Structures are given as structure tokens and as C-alpha cells.
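Readers should treat all values here as calculations from the given coordinates under stated rules, not as data from a laboratory. These numbers come from a predicted model, not from an experiment. Virtual Cβ from ideal backbone geometry, glycine too; neighbours counted across all protein chains shown.
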Amino acid sequence: MTHPFSTFLTMAPCRRLQFNLSDMFPVPRLGIGYLSAHLKAHGYPNVEVRDVIAEREWIPDLVRRFEERGAPDLLGVSVTILSLREAFAIARAVKERFPTTRVVVGGPGTNGFAAASLLGHGAAVDFFVRGEGEAAMLGLVRALDGTGPGIDSVPGLVWRDERRAARENPRGAYRDLDDGLRVDYAAQPMSRFRLHPPMGVYPYATMMETTRGCSFSCEFCCLSMPVRERSPADVERELADLKRHYDLREVHFIDPTFTLHRSRSEELIERVGRLGLHWSCKTRVDKVDEALAARMARAGCYLIAFGVESGEDDILGALGKSATGERAIETFAACRQHRIRTTAYLLLASPGETEAHVERTIRFVRRLAPDYVLYDLLQVDPANPLTRERIAAGAFTADDVDRYYLTDEPSALHASSVAGHPMEVARARIKRASGDFYVRPRYFWERVRDLRTIQDGLNLGAGGLTFFKDLFGLGKLWDR
Ligand code: B12
Ligand code: SF4
């Protein structure tokens with residue numbers, strides 16, 4: 001049986017970041033792709049996915065679209081923590097013009113905030129969803145069109161009752177990732193997508209999820225949750241289909257720790273290898289050794305991004321990261337030996353970090369010799385333990401965090417990092433460390449010598465241009 005209920009799914013762009021390659025290189029949205037597929041599989045064919053980032057659209061374009069084609073019954077907006085305010089702006093504009101359209105906001109950005117904060121600051125949003133969205137979205141649609149039980153049974157839903165008090169439902173069971181559900185790629189503008197550098201070397205390229213959750217519990221991360229894995233055979237089937245339909249040559253696996261379990265990883269790597277694809281992934285330095293790197297390289301892996309975080313073992317300990325700096329050096333050497341490129345994610349402004357630590361980290365990165373390095377500030381996120389500990393210790397308040405992410409008002413967090421470093425100090429450290437690594441003729445020469453495709457050269461140009469614009473404070477390439 002099919003239902004006429006209409007749903008429109010989109011995402012909020014993140015307009016507050018400077019060095020934001022990700023919004024300039026739109027990628028397939030796995031999250032809303034799964035939601036769309038799940039609704040369609042359960043008798044709701046009337047689902048539209050609009051990638052406003054790929055289409056370079058903003059609120060007036062959405063409103064115009066709804067005026068011309070009719071507004072949906074339900075508008076779903078996907079957010080990260082950094083795009084919640086943009087989602088609120090979309091909701092305000094849509095509700096003002098189309099008051100009967102309900103708005104639901106979901107995605108990783110909703111997870112850490114109190115229900116009352118989300119509903120209070122996001123006054124135009126009817127519902128928020130925390131955690132996995134497939135069952136929640138279907139439950140919400142059924143509750144709204146009257147074919148299912150009420151709103152109070154939708155898993156992970158944050159909503160207002162008749163007295164407008166904030167209510168929150170418990171989360172439901174985790175999805176079985178081997179249930180055969182596939183991302184609704186057909187609903188997305190596949191030809192517009194490009195993985196951002198340093199990925200996307202072998203177009204056409206896309207992303208794929210083979211696991212959810214991570215069994216480690218690093219203090220600064222929001223991805224720690226029970227791990228579920230897809231069977232390698234199912235991943236192979238999906239990749240083979242994508243290869244046929246979209247001429248796929250490259251895939252980036254978004255799993256938090258791709259090589260988490262050795263035997264499964266080996267099987268998966270072998271199956272991916274049979275397809276003759278180029279691929280990249282993210283993992284931990286203590287989850288790859290020389291033998292695994294060799295297998296990965298043989299199977300087409302050309303890039304691994306590692307959460308190195310720091311070269312200082314005391315800082316790693318404080319961050320709850322059990323790997324060591326020396327292990328990182330060994331793993332990076334193993335990747336080099338097998339011509340696998342490496343990206344090192346490093347965190348600056350960690351608790352207890354001093355100028356001496358930063359200097360040593362810069363020297364450590366020279367020894368590590370990654371192909372790419374991405375220094376970032378430790379992220380304030382109420383979904384990570386570090387932020388909650390700092391609130392409990394009185395370093396800042398939950399209200400500061402709410403103001404920082406949910407409003408345009410000033411917050412203590414504009415002036416200071418989560419670990420208490422003045423923001424200008426923290427930013428200066430990132431610039432200094434990034435400059436030390438990238439602004440070297442030798443680095444440029446090494447990159448040119450290692451170019452593997454024409455697209456690789458174009459990526460080098462685009463990545464370099466964005467980096468230097470940011471380094472010299474010239475603003476984003478796309479800012480509207
Ligand atoms: C691929 C990716 C990207 C891609 C695409 C983002 C996307 N949302 O699809 C790009 C490169 C654009 C990107 C950009 C950024 N990202 Co990113 N990204 C990821 C990554 C690696 C995978 C996301 C993914 O596809 N997951 C798989 C899908 C199936 O899960 P999902 O998206 O969470 O969706 C499920 C639920 O969240 C929910 N859901 C999602 N949307 C919606 C919408 C509705 C209406 C409902 C009801 C439910 C719902 O249902 C889905 C199915 O269960 C994650 C880390 C990870 N492994 O999860 C980080 C992650 C999402 N990114 C993060 C961040 C911080 C960023 C950036 C700020 C990075 C930067 N400095 O530039 C930008 C922000 C861009 C923006 N517009 O806000 C953080 C978000 C933290 C947070 N609390 O919000 C994460 C979790 C990484 C991390 N460890 O901190 N990212
Ligand atoms: S930082 Fe990496 S290893 Fe640690 S919890 Fe997050 S995803 Fe897992």
C-alpha cells in the first residue's frame with residue numbers, strides 16, 4: 001500500500017567555518033539517503049531529496065520551490081552541530097510561509113543538547129530526532145498521517161506536548177545494518193558530487209558506510225557507541241552495483257575505525273580488492289600494522305586518514321586515546337613503504353597544552369611525515385565527555401554551549417577554547433603548525449612528484465588555494 005504523505009529532505013549548510021572544503025565539494029548524503037530509501041521501502045514514495053549544498057541554493061530558493069511545486073507535509077533537515085542555526089533559519093522561513101508544513105531536524109548535531117534548549121532556541125522546529133533516523137522518520141511520518149501509533153512512540157523524538165512542555169522519547173533499537181537497505185542514490189545529484197581533496201583522485205568517487213559506532217571512548221569524540229558491522233559480502237554487492245550504475249572508480253569509507261576488527265577487515269579488504277577500485281578510509285594508528293598496510297595497498301587503498309591527535313603521550317592520555325606517538329610513527333612508515341598516502345588529524349589547544357607542547361608537536365609531525373595534516377581545535381560538543389567534564393568543573397556553562405551553537409549571541413566559547421586557551425592563541429597555534437608543514441617548497445615538490453591522475457593535480461590546486469586563502473585570512477571561496 002502506498003501513502004500520499006509528502007516528505008522533503010535536505011541539509012543545512014555550515015556558514016560559520018572558514019576552511020570548509022566540505023561545503024565546496026558536495027558529497028552524497030548517506031544519512032538522508034538512508035531515510036529516503038527507508039520511507040520509500042515502507043510505502044511512502046512521495047519523498048524528495050534536495051541537496052542545497054550541491055545546488056548552491058539557500059532559503060529563498062527553497063521557499064520558491066515550495067511555492068511553485070507545493071509545500072511538503074514534512075520537511076526534514078539534516079544537521080551537524082555547526083549547522084543547527086542554519087536549520088533554525090530554514091525552519092523559520094518555511095513555517096512563516098507554509099504554516100502547515102511540519103519541520104523535523106535530525107543528524108549528529110542534535111545529540112548532545114537538552115531537549116528544552118533545542119525546542120527553546122529552535123522555536124520554529126516542530127521535532128528533533130536524536131540518534132539513528134530510519135525508524136524515527138518512519139515512525140514520525142506514520143504518527144503524522146495517522147497510520148501509526150502516536151508521537152510519543154517515535155524513537156529518539158524530541159517534541160512539545162499540548163502544554164508546550166519539552167518531551168523526549170527513548171531511543172529505539174539500533175538498525176541491523178545487514179537489513180538490505182541501500183542509500184537512495186537515485187534521489188541525489190550524483191554527477192555533481194566530488195570527494196574533497198585529498199580524496200577524489202579517481203573520479204567518479206563516492207562514500208560508503210560499512211559500520212556504525214566505535215568501541216573506543218576518546219574524550220573529545222561523539223562517535224563512541226555500540227559498533228554494528230555490515231557483512232563484507234553485502235558491502236561488496238553494493239559496491240559492485242555502484243560500479244555498474246555510476247562508473248564508480250573510487251570509494252571513501254566513512255566508518256569511524258575502518259580496521260576495527262582484524263578478521264572482518266581482512267575479508268572486507270579482500271572483497272573490495274576484487275572490484276578493482278581505488279579507496280580510502282579512516283582508522284586509528286594502533287589498528288594498522290605493516291602486514292595490514294601491505295594487504296590494503298594491494299587491494300587498492302591509496303589513502304588512510306588517522307586520528308593521531310598529538311605526538312605527546314601525556315596529552316594522548318588526557319584525551320583518552322590509548323595509542324602512542326611512537327606507534328603513529330611506525331604506522332605512517334608502514335603506509336609510506338606501501339605507497340599509501342596518509343592524512344594526520346592533529347588536535348591543538350588540548351587540556352594542559354603549553355607552547356612547548358606545540359613546538360614538540362610540530363617537530364613530531366616533521367618526523368611523522370604524513371602526506372597531509374589537518375590541525376583542528378578540540379571541538380566543544382555537549383555530546384562528548386570532555387565538554388561535559390569542563391561544564392561540571394565550572395570552566396563554562398551549558399548555557400554558553402547553547403549560545404555558541406544555537407544562537408547568534410556572544411558566548412564565553414567565542415573567546416576561549418574548550419580547554420581554556422584564549423581563542424586567538426589557539427588559532428595562532430593552528431596557523432603556525434599548519435604553515436610549518438605546508439609552506440615548504442619541498443612539500444610542494446613531493447606532492448607534484450606523487451601526482452597520480454589529472455584530477456589529483458586539480459585537487460592539489462584547489463586544496464592549496466583554499467589553504468592559502470584561509471592562512472592569509474582572505475575568506476571562503478563560497479560565502480553566501
Ligand atoms: C561524511 C562526513 C561529512 C561530509 C558529509 C556530511 C553529512 N552530514 O553527510 C562532509 C565532508 C560534507 C562533512 C562536513 C562536515 N563535518 Co562531517 N562527517 C562525515 C562523517 C565522516 C560521516 C557522516 C555520514 O555519512 N554518516 C553515515 C550516516 C548514515 O549517518 P548520519 O549522517 O549521522 O545520519 C544518520 C543520523 O544522524 C540521522 N539523521 C541524519 N540526518 C537526519 C535528518 C533528519 C531529518 C532525521 C530525522 C535524522 C537524520 O539518521 C541517519 C541514519 O541513521 C561523520 C563521522 C561519522 N563517521 O559519522 C562526520 C561528522 C558528521 N562531521 C562532523 C563535522 C564537525 C563536520 C564539519 C564541521 C567539518 C569541518 N570542520 O569542516 C563539516 C560541517 C558541514 C556542515 N554542513 O555542517 C562531526 C559532527 C559532530 C556533531 N556533533 O555534529 C562528525 C560526527 C565527525 C566527528 N567525529 O566529530 N562531514
Ligand atoms: S576518536 Fe576515533 S577511536 Fe576515538 S571514539 Fe572517536 S572514532 Fe573512536
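The table below lists the values:
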| item | result |
| --- | --- |
| Phi-based couplings in Hz for segment 102-115 (Karplus 6.51, -1.76, 1.60; Gly and Pro marked x) | 8, 10, 10, 10, x, x, x, x, 8, 5, x, 8, 5, 4 |
| Lysine pairs in the chain with Cα atoms under 21 Å, if 8 or more residues apart or on separate chains | 4 |
| Relative compactness, segment 109-247, computed as alpha-carbon Rg over 2.2 N^0.38 Å | 1.28 |
| Gain in span if fully extended, residue 59 to residue 407, counting 0.36 nm per residue against the direct Cα distance | 123.5 nm |
| Calculated FRET efficiency for the pair residue 314/residue 468, C-beta based, R₀ 35 Å, to 0.05 | 0.55 |
| Rounded to 10°, Cα long-axis angle of helix 262-274 versus longest principal axis of the chain | 90 |
| In degrees, nearest ten, helix 134-145 long axis to first principal axis of the chain (Cα) | 20 |
| Gained length - residue 41 relative to residue 176, 0.36 nm times residue gap less alpha-carbon distance | 47.1 nm |
| Calculated FRET value between residue 445 and residue 345, using beta carbons and R₀ = 30 Å, to 0.05 | 0.80 |
| Cα-based helix-to-principal-axis angle, 325-337 vs the chain, degrees rounded to 10 | 80 |
| DSSP-defined beta bridges in segment 7-168 - what % are antiparallel, rounded to 5 | 25 |
| Anisotropy class of segment 6-106 from Cα gyration tensor, a/c 1.5 cut | oblate |
| Prolate/oblate/rounded label for segment 32-166 (Cα gyration tensor, a/c 1.5) | rounded |
| Net lengthening on full extension, residue 192/residue 262 (0.36 nm per residue, minus Cα-Cα) | 21.7 nm |
| Antiparallel bridge percentage (DSSP; both residues within the chain; nearest 5) | 20 |
| Rounded FRET efficiency, nearest 0.05, which uses the C-beta distance separating residue 165 from residue 322 and R0 of 30 Å | 0.10 |
| Kirkwood Rh, angstrom, the chain [1 / mean 1/r, Cα pairs] | 23.5 |
| Qualifying GluC sites (Glu not before Pro) in segment 270-318, DSSP loop, other Cβ atoms within 10 Å at most 14 | none |
| Highest-first arrangement of 43-53, 163-173, where packing means the average Cβ count within 10 Å | 43-53, 163-173 |
| Nonlocal amide H pairs with residue 373, under 5 Å, H built at 1.01 Å | 344 |
